[in-house]
Ligand SMILES: [Zn+2]
């Protein structure tokens, strides 16, 4: 009965949301979008890691943010995936 190992399950389990640690591993920024006015920005994740911790789920971060343009508390957050076909020169 050794077909399943806990590790295998954890790997294929899609339930856990993407966390700040995942962004850090992929060297991605955080993309923030205001649902009210459409203001958006790509932010470095370091301050969020300091404040919220590595294992904080990325979709939840928006609840702790406020739009700098219209002051709305209606922010969506997701990984800032590299643009399709874009040239990537992010590495220092
Ligand atoms: Zn806004």
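A few notes on this one:
- The residues of segment 35-53 that are surrounded by 15 or more Cβ atoms within 10 Å (Cβ to Cβ) and either farther than 16 Å from residue 78 by Cβ or out of contact with any strand residue (DSSP E or B) (no Cβ under 6 Å at 6 or more places or on another chain) (or both), listed by number, are 39, 48, 49, 52.
- Hey, residue 88 modelled with pLDDT under 95 and more than 16 Å from the ligand (Cβ to nearest atom) or not: yes
- Residues that are touching a residue at least 24 places away in the same chain (Cβ under 8 Å) and within 15 Å of the ligand (Cβ to nearest atom), drawn from segment 44-76: 62, 65, 67, 68, 69, 70, 72, 74, 75, 76
The values are calculated or read from the model by the stated rules, or taken from the named source; none is laboratory data. Everything numeric in this text was worked out from a predicted model, so none of it was measured. When we count neighbours, we look across all protein chains shown, and the Cβ atoms used for this are built from the backbone with ideal geometry, even at glycine.
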